[in-house]
Amino acid sequence: MSNTWFRLNTYGVCLILLALGTRWLWTDFAAFPLKEAWSMILGYFAFIMIGVTLLIGPLCTWLPSQWRSACLSIRRDVGIFAGLCGLLHVALVLVLFQGEPRLMIIHDTPAPKADGWLGLFFLASSGENEWPIPNWSLPGVANFLGLCAAWILFTLWLTSFQVIKKWLGTSSWKRLHLSNPLLFLLVVFHGLIYVQSIKGEPHSFADFLWLVGVVWLVRGIGFVHAIIRRRQR
């Protein structure tokens, strides 16, 4: 199978999984407005795909060496798909907050927010020439974490393409992509705070913590396995 067809198959599998996940989650999210439902589903799927990219690396080392190239190709394309879903999630959230959001948020400050999507991050200033005040309520902190995650995600997504990778050089590209675990942690805390701050179902801590446990276990085993292999050499 050519590399192009292999990559297309990877994207096809990701699309099928997204469709199946949407069908499974839709009954839980059907009560939400359409854009809001899609923003949450895409956010959840991006989170899962980011976790999958962190799992593929350790799993590659346990497979035969001839499979390594295919695993790295899958990891890159899953990362690209995760980036696309995550950026669509961010775009939909910004569109939602340009109007009147319908989120039932608790633990939020009653102070007036800045206009439009800036209200995700800032409170309204008291004077015309004053800078907006950062919103340090729980949802505000979650939004700042999400903003940092979105910036890292966009950077990783953009540099996942082969043309950009060649332009950066292998060493610079590898150093940049070492931030993937940081991205995962930012998304986890962003999601957990929102779960705590949004009233009612279908949100729960279990939506995030199950994957955190799997990633921690697999990467922990991979770390120990790598140390043992180095000592045996």
Subset of segment 143-171, residues open to solvent by less than 70 Å² (accessible area, probe 1.4 Å), aliphatic (A, V, I, L, M) and modelled with pLDDT of 85 or more, comes to L145, A149, A150, I152, L153, L156
Please go through segment 172-192 and pick out each residue that is closer than 20 Å to F32 by Cβ and open to solvent by 30 Å² or more (accessible area, probe 1.4 Å). H190, L192
Give all pairs with beta carbons closer than 6 Å in which a residue from segment 178-195 that is free of Cβ contacts under 8 Å to residues at least 24 places away in the same chain meets a residue that is part of a helix (DSSP H, G or I); count only pairs at least 6 apart in sequence or on separate chains. L192/F208
Which residue, of S73, S39, is touching a Phe, Trp or Tyr at 6+ places or on another chain (Cβ under 7 Å), open to solvent by less than 40 Å² (accessible area, probe 1.4 Å), touching a residue at least 12 places away in the same chain (Cβ under 8 Å) and in a helix (DSSP H, G or I)? S73
Selected residue [farther than 30 Å from V224 by Cβ, at pLDDT 90 or above and open to solvent by less than 50 Å² (accessible area, probe 1.4 Å)] from T53, T22: T22
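The values are calculated or read from the model by the stated rules, or taken from the named source; none is laboratory data. None of these values were measured; they are calculated from a predicted model. With ideal geometry, Cβ positions are generated from the backbone for all residues, glycine too; neighbour counts draw on all protein chains shown. We work out accessible area using only protein heavy atoms, side chains counted, and drop any ligands, DNA or RNA first. Shrake-Rupley method; radii C 1.70, N 1.55, O 1.52, S 1.80 Å.
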